[in-house]
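Accompanying notes for the structure given below.
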């Protein structure tokens, strides 16, 4: 899969984005293998551990069919590190215009995080795909419906993340503006640490089989 691609068309085909954190490269590779086994072709690796950049590089190298992005981008150094590691897209919990501009200068899609109408309005000046975070704490699908309503004339897509699981992800995907959901549930860090890939596989299987 090419590193630089049209993010919107990719997310239309990948309605669930696994959001993972890894303590070592081996767990990243095992998880990536499992994702592909269950026809999940996208992965967001968050920069929350020391092995995050190594994991991004390793998964890209070993699984070229998997589109790998970097999450939890909070600084310019983190962004540059993710881009140098080969991240195909970058995701942040908040909105930093300098980061958005730098990613654009490198030709890499950046998905900023917003929580309010004011933040959404500002993000729309720069980005077409925007993360809504933390989705469940903000009010879930009903909040998305309410916050997106005033922006009906704008062309944009939302990726709700935070508290999305197998019980509610379809409710999010039914919302008009939602193109995909970010979900740590299917790459749960506690299960990865325990090495319980069988349980992870079951979660992936249930989620993917429930997609329309």
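Every number in this text was worked out from the coordinates using simple rules, so none of it is lab data. Everything numeric here is computed off the predicted structure, so don't read it as measured data. Backbone-built Cβ (ideal geometry, glycine too); neighbour counts: all protein chains shown.
Compute log10 of I(q)/I(0) for the range 1-60 with the Debye formula, placing one identical point scatterer on every Cα and leaving out solvent, at q = 0.15, 0.20, 0.23, 0.26 Å⁻¹, to two decimals. Those come out to -0.45, -0.78, -0.98, -1.14, one per q.
Any idea what the relative contact order of the range 122-194 is, in percent, if you count C-alpha pairs under 8 Å spaced at least 6 apart? In percent, rounded to a whole number, it is 32. Using C-alpha pairs below 8 Å separated by at least 6 residues, the relative contact order for the range 59-107 is 36 percent.
Descending by average beta-carbon neighbour count within 10 Å, the peptides 181-188, 194-201, 140-147 line up as 181-188, 140-147, 194-201, the highest first. Per-residue Cβ neighbour counts within 10 Å put 25, 79 in the sequence 25, 79, beginning with the fewest.
In nm², what is the average projected area of the convex hull enclosing the Cα atoms of the range 87-133?
Numbers: hull surface 11.6 nm².
The orientation-averaged projected area of the Cα hull of the range 87-133 comes to 2.9 nm².
Note on residue 176/residue 208: beta-carbon distance plugged into 1/(1 + (r/R0)^6) with R0 of 25 Å gives a FRET efficiency of 0.65.
In percent, rounded to a whole number, the relative contact order of the chain is 20, using alpha-carbon pairs under 8 Å and six or more apart. Here Cα extents along the principal axes in Å was calculated from the structure, and among (i) 55, 36, 25; (ii) 59, 36, 32; (iii) 45, 37, 27 it sits at label (iii). Taking each residue as 0.36 nm, the span from residue 37 to residue 106 lengthens on full extension beyond its C-alpha to C-alpha distance by 21.7 nm. A helix-only calculation puts the chain at -12500 deg cm²/dmol for mean residue ellipticity at 222 nm, using -39500 (n - 2.57) for each DSSP H run of at least four residues, averaged over all residues. Ratio of Rg to Rh for the range 112-212: 1.03 [Cα atoms; Kirkwood radius as inverse mean 1/r over pairs]. The simple spin-label model puts a point 7 Å past each Cα toward its Cβ; for residue 116 and residue 156 those points are separated by 1.5 nm.
Could you tell me the distance between the Cα centroids of the range 1-63 and the range 85-113, to the nearest Å? That distance is 16 Å.
Of all DSSP-defined beta bridges confined to the range 1-155, some 0% are antiparallel rather than parallel. Each principal axis of the Cα cloud of the range 40-135 was taken in turn, and the coordinate range along them, longest first, works out to 41, 26, 23 Å. Stretched out straight at 0.36 nm per residue, the stretch from residue 165 to residue 30 would grow longer than its current Cα-Cα span by 46.5 nm.
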